[in-house]
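A short write-up of the structure that comes next.
The values are calculated or read from the model by the stated rules, or taken from the named source; none is laboratory data. Everything numeric here is computed off the predicted structure, so don't read it as measured data. Here the Cβ is made from the backbone with ideal geometry for all residues, glycine too, and neighbour counts use every protein chain on show.
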């Protein structure tokens, strides 16, 4: 299915704050009463009860050479290599602490480095960290067809040696931030990245045999217009990445102080203009052959994400859309969030606290959450909606032993407006999200969130859905 026309009036109606549902329940509900000893016990229990589950590993590398004004990540601006060396030494401790509790036979089928900027490390540091991970964890054989090993990269300051180091460390996918090719926009957000720098990084990726290349962009940044961003979209199509992510700029100055200090609100495109940019983007990428997966993501028709969505095997976790379902996710580094079958556990967000916990011989867990039976049920419903763009009530009923229409009577009542607007279609046995409905899939999923009403405050916790 391809978009031919986006109804901007319709999506405007649903443009409200809402979660991205990389987890359910969402991170604001994590409690500090869940600490390192709790997580250690959960690891041990999972390692016995879920021994056959494969592993997904995430490593947070928080460093950047300079601040991008739009940034909402947990990051540290520094050029001090000693600080980076110290961080790597503490990552070593955390790796050893977690790996020692896991069955050595469990296989890693997914590894992701995020940040910050992982390629802010030197090629030698990349090689060393890659080697340390493989010393402690067993990776599934079969190459990129079985094991997804991806890294976020920043083309600025990147060298071919960085890419060689990643490839030799086993990485087979890269995702690189661009945000916008327009120099005026780049200057306004303090991210000067000439087009040829991005094209060089893509070219190196392909020459070195990386299996997939993703480019990240943001709409809603200062000085963007539909015409200016259309030029960026044309260049994206020419570069022809395998996947594209085009995120809505989350302007949350009450949460990110640097946004309040460094971005003038009057330079941001008005809500109407932002929606026009989104409309143009979707229509142009669809016309060029990209498939709109949902939640800001596009992929080529033969990409694994597209195929997984068609087959009903697409998954969603803290790294976004994934083809690797059924894993225990262990996250390393400051702010990393682990996900076991019934538990979330987040590391300390401050570097001093992260170091202090490891110095004390503890896991660096700051907060966590134990899911109850209702949480697991609702998580599955929300995940299937956001991944399949459909919901099979019978599958949910058989798995959880419920009568769907009775259990979710209150949620079903909220779906009426989406059906009235042609965004959701009810059929015998379930629901189908229409093509336009994919644009408001977060809003549809919100109908099944039992905690959302209690989290609506004076200042929203979440970015707008469109």
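Here's the yes/no breakdown for (1) in contact with a helix residue (DSSP H, G or I) (Cβ under 6 Å, 6 or more places away or on another chain); (2) modelled with pLDDT of 95 or more; (3) more than 19 Å from residue 7 (Cα to Cα):
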{"position": "275", "(1), (2), (3)": "yes, no, no"}
{"position": "279", "(1), (2), (3)": "yes, no, no"}
{"position": "285", "(1), (2), (3)": "no, yes, no"}
{"position": "296", "(1), (2), (3)": "no, no, no"}
{"position": "303", "(1), (2), (3)": "no, no, yes"}
{"position": "309", "(1), (2), (3)": "no, no, yes"}
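Would you pick out the residues in the stretch 385-411 that are under 24 Å from residue 13 (Cα atoms), part of a helix (DSSP H, G or I) and within 28 Å of the chain's Cα centre (by Cα)?
385, 386, 387, 388, 411 - these are the residues of the stretch 385-411 that are under 24 Å from residue 13 (Cα atoms), part of a helix (DSSP H, G or I) and within 28 Å of the chain's Cα centre (by Cα).
For the stretch 251-355, please list each of the strands (runs of 3 or more DSSP E) lying entirely inside it that holds at least 1 residues being touching a strand residue (DSSP E or B) at 6+ places or on another chain (Cβ under 9 Å) and more than 25 Å from residue 12 (Cβ to Cβ). First the steps, then the outcome.
Working: elements: 291-294, 297-299, 315-317, 320-322, 328-332, 337-340, 343-347.
Result: 297-299, 315-317, 320-322, 328-332, 337-340, 343-347.
Which one of these does residue 424 not meet: (1) at pLDDT below 95; (2) under 26 Å from residue 311 (Cβ atoms)?
(1)
Could you grab me the full set of residues in the stretch 135-160 that are out of contact with any strand residue (DSSP E or B) (no Cβ under 9 Å at 6 or more places or on another chain) and in a helix (DSSP H, G or I)?
Those that are out of contact with any strand residue (DSSP E or B) (no Cβ under 9 Å at 6 or more places or on another chain) and in a helix (DSSP H, G or I): 135, 136, 143, 145, 160.
So how many residues does the stretch 359-396 have that are free of Cβ contacts under 8 Å to residues at least 40 places away in the same chain, farther than 30 Å from residue 95 by Cα and surrounded by fewer than 15 Cβ atoms within 10 Å (Cβ to Cβ)?
Residues meeting the conditions: 2.
If residue 62 satisfies all but one of (1) at pLDDT 95 or above; (2) in contact with a helix residue (DSSP H, G or I) (Cβ under 9 Å, 6 or more places away or on another chain); (3) surrounded by fewer than 19 Cβ atoms within 10 Å (Cβ to Cβ), what's the number of the condition it fails?
(3)
Among (1) closer than 25 Å to residue 74 by Cα; (2) surrounded by 15 or more Cβ atoms within 10 Å (Cβ to Cβ); (3) under 24 Å from the mean Cα position of the chain (by Cα), there is one condition residue 212 misses while meeting the rest; what is its number?
Only one criterion is unmet by residue 212, namely (1).
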